[in-house]
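Colleague: Here it is, the structure, as structure tokens.
The values are calculated or read from the model by the stated rules, or taken from the named source; none is laboratory data. This one's a predicted model, so the numbers in the text were calculated from it and none came from an experiment. Cβ coordinates were reconstructed from backbone atoms using ideal geometry, including for glycine residues, and neighbour counts include every protein chain displayed. Side chains are part of the model used for accessible areas, which takes the heavy atoms of the whole protein and leaves out ligands, DNA and RNA. Shrake-Rupley method; radii C 1.70, N 1.55, O 1.52, S 1.80 Å.
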Amino acid sequence: MASTIFTGTIPALMTPCRPDRTPDFDALVRKGGELIAAGMSAVVYCGSMGDWPLLTDEQRMEGVARLVQAGIPTVVGTGAVNTRQAVAHAAHAARVGAQGLMVIPRVLSRGSSAIAQKAHFKAILAAAPDLPAVIYNSPYYGFATRADLFFALRAEHPNLIGFKEFGGAADLRYAAENITSQSPDVTLMVGVDTAVFHGYVNCGATGAITGIGNALPREVLHLVSLCQKAAKGDARARAQALELERALAVLSSFDEGPDLVLYYKHLMVLNGDAEYTLHFNETDALTDSQRNYAEAQYALFRAWYADWVKSLA
């Protein structure tokens, strides 16, 4: 299946909250539109960043439908405890006109079983056979999809076109060596903000799904552009990409921890997006120390970037 949805830079949207801690879908769509206008190629909703475990199925589906209705290219996360729910999200995505699926492993019940995961993946892929899909590999989901399972699934489900790797540098290299380099028709998406350079330059990635890009879209798009040039052998772009990635390192590292949504929502608030102030659980909040650290690092990076860009001219 030919598709271009899993190319470019794709922010994993967070779900903004109303004062009663219900989803603010107007704000969700507005932010999705702003990010597309900034140069992002599509959005993901609902992955981990979208707080899918904290939303009802109906809320998740409404968010997807609203994004699609607004003309925003949308990749839908299928995270669920049971296969029946995951299948419902895949079928809904196809029905409302979403552009792709991010196939998330079954969690909790039999989550470490390859047999159970194969059946889970097959059911999702079969529920939306015309939607291009990538399998989402993440240590947080407790299951690593390996080459034998990937190609067994792809043999029966041609809509499985690639892999989103969140596991870090070693896992990205495994995916490149053993899965996505098998054919130019199989795509690799960088799934963690700390590995953009490694993914593009060393592993042949064709796209990146970003968390920090919600708050810093221009800067992340700049990094990806430099990495794409570096992957073609541009020595100057390589040096600049490494320098920019190092400067982003602390902010990007929030993507690797359990408080990633708390951090990135707070950065959005610092940008003036007050609708990201609240979380769905009232007790979810950064500590004073975490907040102060994030604010200091954010201010430092923005000051550095403004000066660095001038030095490139």
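Colleague: If you go through the stretch 282-290 one residue at a time, do you hit one that is open to solvent by 70 Å² or more (accessible area, probe 1.4 Å) and closer than 19 Å to GLY32 by Cα? Working first, answer last.
Modeller: Restricting attention to the stretch 282-290, the residues satisfying the condition of being open to solvent by 70 Å² or more (accessible area, probe 1.4 Å) are 282-283, 287-289.
Filter once more, keeping what is closer than 19 Å to GLY32 by Cα: none.
Within the stretch 282-290 (the criterion being open to solvent by 70 Å² or more (accessible area, probe 1.4 Å) and closer than 19 Å to GLY32 by Cα), the answer is no, since none of the residues qualifies.
Colleague: Determine, yes or no, whether PHE6 is closer than 23 Å to HIS266 by Cβ, aromatic (Phe, Trp, Tyr) and touching a residue at least 40 places away in the same chain (Cβ under 8 Å). Spell out how you get there, then give the answer.
Modeller: Working: closer than 23 Å to HIS266 by Cβ: no; aromatic (Phe, Trp, Tyr): yes; touching a residue at least 40 places away in the same chain (Cβ under 8 Å): yes.
Answer is no for this residue.
Colleague: Turning to a different aspect of this structure: Quick one: which residue in ARG95, ARG110 is more than 16 Å from GLY50 (Cβ to Cβ), outside any helix (DSSP H, G or I), free of Cβ contacts under 8 Å to residues at least 40 places away in the same chain and basic (Lys, Arg)? If you could, list the steps in order and put the result at the bottom.
Modeller: Numbers: ARG95 fails: outside any helix (DSSP H, G or I).
Among ARG95, ARG110, only ARG110 is more than 16 Å from GLY50 (Cβ to Cβ), outside any helix (DSSP H, G or I), free of Cβ contacts under 8 Å to residues at least 40 places away in the same chain and basic (Lys, Arg).
Colleague: Looking at GLU243, is it farther than 30 Å from THR22 by Cβ and open to solvent by 50 Å² or more (accessible area, probe 1.4 Å)?
Modeller: Yes: the conditions hold for GLU243.
Colleague: Here's another thing I want to ask about it. Considering only the stretch 9-57, state which residues are small (Gly, Ala, Ser), under 16 Å from the mean Cα position of the chain (by Cα), open to solvent by 20 Å² or more (accessible area, probe 1.4 Å) and farther than 20 Å from ALA88 by Cβ. Let's see the steps before the verdict.
Modeller: So the first thing to find is which residues in the stretch 9-57 are small (Gly, Ala, Ser), and the list is 12, 27, 32-33, 37-39, 41-42, 47-48, 50.
Applying the additional criterion that residues be under 16 Å from the mean Cα position of the chain (by Cα) yields 12, 32, 39, 41-42, 47-48, 50.
When the remaining residues are screened for being open to solvent by 20 Å² or more (accessible area, probe 1.4 Å), the result is 39, 41, 48.
Selection gives GLY39, SER41.
Colleague: Another question, then. Determine whether the stretch 210-217 contains at least one residue that is over 22 Å from LEU101 (Cα atoms), at pLDDT 95 or above and either touching a Pro at 6+ places or on another chain (Cβ under 9 Å) or not in a loop (DSSP other than H, G, I, E, B) (or both). Break it down stepwise before answering.
Modeller: The first filter runs over the stretch 210-217 and keeps only residues over 22 Å from LEU101 (Cα atoms), leaving 215-217.
So of that shortlist, the ones also at pLDDT 95 or above come out as 215-217.
Retained after the next criterion (residues that are either touching a Pro at 6+ places or on another chain (Cβ under 9 Å) or not in a loop (DSSP other than H, G, I, E, B) (or both)): 217.
Yes: one or more hits.
Colleague: Something else: I'd like the residue in the stretch 94-113 that is over 24 Å from GLY142 (Cβ atoms) and under 20 Å from the mean Cα position of the chain (by Cα) and, out of all such residues, is surrounded by the most Cβ atoms within 10 Å (Cβ to Cβ). Don't jump to the end; show me each part of the working.
Modeller: Residues of the stretch 94-113 over 24 Å from GLY142 (Cβ atoms): 94-99.
With the extra rule that they be under 20 Å from the mean Cα position of the chain (by Cα), the set shrinks to 94, 97-99.
Numbers: ALA94: 16, GLY97: 13, ALA98: 25, GLN99: 19.
Applying the filter and picking the extreme gives ALA98.
Colleague: Before we move on, is ARG60 at pLDDT 95 or above, within 23 Å of ASP255 (Cβ to Cβ) and basic (Lys, Arg)?
Modeller: Working: at pLDDT 95 or above: yes; within 23 Å of ASP255 (Cβ to Cβ): yes; basic (Lys, Arg): yes.
Taking the combined requirement at face value, the residue satisfies it.
Colleague: Scan the stretch 1-27 for residues that are part of a loop (DSSP other than H, G, I, E, B), under 13 Å from MET189 (Cα atoms) and hydroxyl-bearing (Ser, Thr, Tyr) and report the count. Walk me through how you get there before you give the answer.
Modeller: We begin by selecting, within the stretch 1-27, every residue part of a loop (DSSP other than H, G, I, E, B); these are 1-7, 13-16, 18-22, 24.
Add one more test, that the residue is under 13 Å from MET189 (Cα atoms), and what stays is 4-7.
Next cut, hydroxyl-bearing (Ser, Thr, Tyr) only: 4, 7.
Number of matching residues: 2.
Colleague: If you don't mind, another one. Does ALA231 meet the test of being within 20 Å of LEU267 (Cα to Cα) and either modelled with pLDDT of 95 or more or open to solvent by 10 Å² or more (accessible area, probe 1.4 Å) (or both)?
Modeller: Details: within 20 Å of LEU267 (Cα to Cα): no; either modelled with pLDDT of 95 or more or open to solvent by 10 Å² or more (accessible area, probe 1.4 Å) (or both): yes.
Criteria not met by ALA231.
Colleague: Okay, next question. Which one is farthest from GLN85 (Cα to Cα), of the residues in the stretch 120-139 that are open to solvent by 50 Å² or more (accessible area, probe 1.4 Å) and touching a helix residue (DSSP H, G or I) at 6+ places or on another chain (Cβ under 7 Å)?
Modeller: To start, the set of residues in the stretch 120-139 that are open to solvent by 50 Å² or more (accessible area, probe 1.4 Å) comprises 122, 126, 129-130, 139.
Narrowing further to those that are touching a helix residue (DSSP H, G or I) at 6+ places or on another chain (Cβ under 7 Å): 122, 130.
Working: LYS122: 14, ASP130: 19 Å.
Across the stretch 120-139, the extreme among qualifying residues is ASP130.
Colleague: Given the conditions (1) aliphatic (A, V, I, L, M); (2) open to solvent by 40 Å² or more (accessible area, probe 1.4 Å); (3) over 22 Å from LYS310 (Cα atoms); (4) within 21 Å of the chain's Cα centre (by Cα), and given that ALA249 satisfies all but one, which numbered condition is not satisfied?
Modeller: Among (1) aliphatic (A, V, I, L, M); (2) open to solvent by 40 Å² or more (accessible area, probe 1.4 Å); (3) over 22 Å from LYS310 (Cα atoms); (4) within 21 Å of the chain's Cα centre (by Cα), ALA249 violates only (3).
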